[in-house]
Amino acid sequence: MSAHILAIDDSRTIRALLTATLEKAGFAVTTAVDGVDGVAKFQEAQADLVITDVNMPNKDGFGVINDIRQGQVNRAVPVLVLTTESGAALKDRARRAGATGWIVKPFDDEALVSVIKRLTGT
Amino acid sequence: MQRHDNSKAEKHIEFVTLVAGGQSFCIEITQIREIRRWSPVTHLPHSPSYVLGVINLRGAVVPILDLAAKLGFSAITPTERHVIIITAIDDRIVGLLVESVSEILGVQADMVRETPRTKEDASAIAVAGIIPVGDDMIKIISLDALLPTTLATAA
Amino acid sequence: MMDSAILDAFFEECEDLLVALSDGLADMREGLADDETLNAVFRSVHSIKGAAGAFSLEDVVGFAHIFETVLDDVRSKKLATDEALLRVLQRAGDILADLVDAARDDLPADRDQVDPVLRELESFLSTDDLVKEEFVFEALTLSFDTRDSGSEFEVSFHPSAEFYAAGNDPALFISALHDLGPCTVQVETVKLPTDLADFDWTKGYLTWHVVVADQKNDLAIREIFEFADDLCALKVHETTKDDPQPDVMSLPEEVETVPEPDLEPAQAARPSTQKASKKSASTLRVDPERVDRLINAVGELIINQSVISQRIEEASLPNSSELYGDLDNYKLLAREIQEGVMAIRAQPVKPLFQRMLRIAREAADATGKDVNLVTEGEATEVDKIVVERLADPLTHMIRNAIDHGIEKPEERAKTDKPATGTLRLTASQRSGSIVIEIIDDGQGLNRERIKEIAVSKGLISADAQLSAQEIDHLLFAPGFSTATEVTNLSGRGVGMDVVKTAITALGGRIAINSIAGQGTTFSITLPLTLAVMDGMIIHVGGQTMVVPITSILETIRPASTDLAQIGLDNQLLRIRGDYVPIIDLAERFGVTPQSASLTDRVLLLIQTESVSQCAIAVDDIVDQRQVVVKSMQGTYGQITGISGATILGDGKIALIIDPDAIAAGQGNALSAHIRAQKEDAYATT
């Protein structure tokens, strides 16, 4: 069974890269263009894992996680934060927002896939 | 573009052989879109003498050149018996009027010889290599050299 | 291959982001910026950096990073946006655009340009900001355990409520440990409530003990817990050694945490107020090739429609036939489809104009002039190809206007002009055409000088009597501009003739209007749609050709009293008391007209850019109808006097003539000149 990933990023380029990388690794990918779109897609897509950018218009990545964790649907889904920041402050923030993990941009394809495989049990 | 590299001896290349200006030439088959009978063209004013005009090829405006004239031989007076070879390099489609088309010639890449350096006339420059066939010698037309992409008026 | 497509998408996205950046900075300059503007500006740079990182575009990433850090301080109000900062941000925006351009063209960054701005940006940052950058990576604990055979590690973890809340599943951790080596797993259930009614599934009650064999060290194990080591009381220790391992974990209190509502970011619920229009509407990205195929198919449809019209006409059906009504509907539908398809390719000129702002700033800097470029009509939409092909001509003309048109501040001070010159770049739609104007308030064209140059280049004879308009048009003559005439700035190996060629290739025209001391206006008129135009079908010397209707004022069948002659061949048409020159199209194209006498032929009175009016003599007028314009660019190159070709109802090709080129005052000499060049180009194979 291939896991279904919801990738939320306002950058077309990053969306394209994520889609290419994840589809190559055998995942099904749905993309969303900002936080609001992401949360809306999350309601209908049976995502096994969510990857979200932090800095986005309309609703940022932490807002997305908050909505997911507070929502009624699939609230315990693993959520990875995709960010250019790193360091303890990020970890702290991601943690408090309820992220499962984080990936630092630019991401390494293999590392990304291996983390996702681990978090989805595939 | 296909280079006729002697080192790649395994490679099999197919050419269409043709006659222009009374001599044998050939064009690599991958560069040929189709071969059709001569049909009247729309003349272009102020064009070089080897440009016969343009034809409508299923909605595209395609220029037709007299290959013999382009190579420096005397111009052909086109008749029903003459043939147009529609060639495509990159995005450009150009038709070449020739006297006749003979056959498809398949050769191993190592049969292609470099063009001996002679004086640089129009036909020598447009020849990418030669293939000895029996007593005859068939010259390979380089469409790149024949039809340079940059024109004086290109912006 | 896939990567190059994504890379293309990246550069495309950069264009959009740079426009957003430029818009935001403009709002900041005008004091219109709210928090969302600042966020958007920050995000633009941030997104460029993020995506550039994926392609290892180090120059872009490095610069964007410092830029972004400054912008972050701006949006968090650590930095006040004063004049000096705004100027640097503006420059930084330009540099970022340059860096993206350089990356696209695979060129090295121009460090001479980049570094000073980088230093300026850094001057706004606290040492704190800069130092933070030195430590972007988390330290790794390296273990230099080199024992060859594996040892056994015991992993104990007690997930907290937060562990579950963050989307973790213990089973997945255990299965990941299994992948490392043979495991034995035990679960400790002592913390389960005895009464299941007290059970709260969001809490953690269980502790797992997993013994993993054959491990060199604990790195792989810790990596599995990379994201969760603070969410579960994690203990990892080697069982073969007896020392207890209290080092790693701090046992977090088991607290009932739900994500705190106050952590919801400020942006989450933002009123969409006045900026709503700037948000991009939902769009569909389509491979341009598919659109091109559709456009070609629609072109065929229109040709097919004219074939059917012709057939029906030939069938001479009774006028009452319903077929005529049906045919009209068909025509309408075909036109509607065609307009719809062309609209797909329409794009606002805004990104193009934004680029010109940058060009103007650079040109002003380089020449030491004060210039304010004002853009108008940015929302005007034109075909994608037009946007692409106008970039170079506009760049050249903007540079020219600043270099040659607008005076230095000290010179302007001597007149009553303000020290800052104004350059206006406008786009508008006027009766079926797009008009783009470049208007400067500079000194106007120096016609004496233009004439001198034209004489010295042999373009005109020294005693030529030329009208002001004709002199202005010498600028477009091939071979007019050369390195000695243009300065470093505008002289990039191209002249106005290239501008004119590019615009003609788009089916457009260019006009000059210059008033000494007051400035110069260049007007570019482009057809609204590239693919279809209204044409008059004519015959010349047995050939069928098309003249664009837009340039025809009227058609005249001259009586001999309407004609006059100067010299041997120069025919004139007398019309309403005026005389206009007659150009014999047959003669111009080297074909034989059907009749030697002009009274047997038809004259098309043409309004042109270079000479005010002229009459083109043709053999006959056949029809007036829409034609599909086929470019001859890709296949043949430009032919003087011909702007393209079309395919008629009978499948034959008709050339579309360019009345401007035909009428050009110096017509014959010029076309001979160009012809010579063309012959050269063909000869130099």
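No value in this document is a laboratory result; all are computed from the given coordinates. On a predicted model such as this, the values are computed, not experimentally measured, just so you know. With ideal geometry, Cβ positions are generated from the backbone for all residues, glycine too; neighbour counts draw on all protein chains shown.
The orientation-averaged projection of the convex hull spanning the C-alpha atoms of the stretch A:4-120 amounts to 6.2 square nanometres. With contacts taken as Cα pairs under 8 Å at a separation of at least 6 residues, chain A carries a relative contact order of 24 percent.
Spacing of the modelled spin labels on C:Arg290 and C:Asp179, each 7 Å from Cα toward Cβ, amounts to 3.6 nm. Put simply, the C-alpha atoms of the stretch A:69-122 give a gyration tensor, and the ellipsoid matching it has half-axes of 19, 17, 7 Å, longest first. Calculate log10 I(q)/I(0) of the stretch C:427-475 for q = 0.15, 0.17, 0.27, 0.32 Å⁻¹, where I(q) comes from the Debye formula with a single equal point scatterer on each Cα and nothing for solvent. Values returned for q = 0.15, 0.17, 0.27, 0.32 Å⁻¹ are -0.56, -0.64, -0.97, -1.20. Summarising the amide proton neighbourhood of A:Ala45: residues at separation of 5 or more, or on other chains, whose placed amide H is nearer than 5 Å comprise an empty set.
Among the trypsin sites (Lys or Arg not before Pro) found in the stretch C:335-413, not one is both in a DSSP coil and sparsely packed, with 13 or fewer other Cβ atoms within 10 Å of its Cβ. Taking only the Cα atoms of the stretch C:288-346, the ratio Rg/Rh comes out at 1.11, with Rh defined as the Kirkwood radius.
Taking θ as phi - 60° and the Karplus parameters 6.51, -1.76 and 1.60, the scalar couplings of the stretch C:109-124 work out to 5, 7, 4, 4, 7, 6, 4, x, 5, 4, 5, 4, 4, 5, 5, 8 Hz in sequence order, x denoting glycine and proline.
Given a cut-off of 23 Å, name the pairs among A:Lys24/A:Lys105; A:Lys105/C:Lys77; C:Lys78/C:Lys369; A:Lys105/C:Lys384; A:Lys117/C:Lys49 whose C-alpha atoms lie farther apart than that in the structure shown. Long pairs (Cα-Cα over 23 Å): A:Lys105/C:Lys77; C:Lys78/C:Lys369; A:Lys105/C:Lys384; A:Lys117/C:Lys49.
Estimated from the Cβ-Cβ distance and a Förster radius of 45 angstrom, the FRET efficiency linking A:Ser2 and C:Ala419 is about 0.10. Couplings 3J(HN,Hα) for the stretch A:13-22, derived from phi with the Karplus relation 6.51 cos²θ - 1.76 cosθ + 1.60 (θ = phi - 60°), are 4, 5, 4, 4, 5, 4, 4, 4, 5, 6 Hz, where x marks Gly and Pro. Shape summary: the stretch C:349-527 maps onto an equivalent ellipsoid whose semi-axes, from the alpha-carbon gyration tensor, are 24, 21, 15 Å in decreasing order.
Take every Cα-Cα pair in the stretch B:18-128 and report what % of them are more than 23 Å apart. Value for the stretch B:18-128 (Cα pairs over 23 Å): 30 percent. Once the Kirkwood radius over Cα pairs is known for the stretch C:511-604, the Stokes-Einstein relation at 25 °C and 0.890 mPa s delivers a diffusion coefficient of 152 µm²/s. In this calculation the C-beta distance from C:Leu327 to B:Ser74 is compared with R0 = 35 Å, giving a FRET efficiency of 0.10. Couplings 3J(HN,Hα) of the stretch C:222-227, computed from phi: 5, 5, 4, 8, 2, 8 Hz, in residue order, whole Hz [Karplus 6.51 cos²θ - 1.76 cosθ + 1.60, θ = phi - 60°; x for Gly and Pro]. Here is the size of the stretch C:9-85 from its Cα atoms: Rg then Dmax, 12.5, 36 Å. Counting Cβ atoms of other protein chains within 10 Å of each Cβ in B:37-46 and taking the mean gives 6.
Shielding of peptide A:58-65 by partners, expressed as the average count of other chain Cβ atoms within 10 Å per residue Cβ, is 5.
Compactness of the stretch A:1-59, taken as the C-alpha radius of gyration over 2.2 N^0.38 Å, stands at 1.03. For a paramagnetic label modelled on B:Ala145 (point 7 Å from Cα along Cα→Cβ), amide N atoms under 19 Å away are absent within the stretch B:39-59. Taking every residue in C:8-14 and counting other chain Cβ atoms within 10 Å of its Cβ, the average works out to 4. For the stretch C:2-133, the orientation-averaged shadow of the C-alpha convex hull comes to 7.6 nm² (one quarter of the hull surface). On the beta carbon distance between C:Thr592 and C:Ser428, with R0 = 45 Å, the FRET formula returns roughly 0.55.
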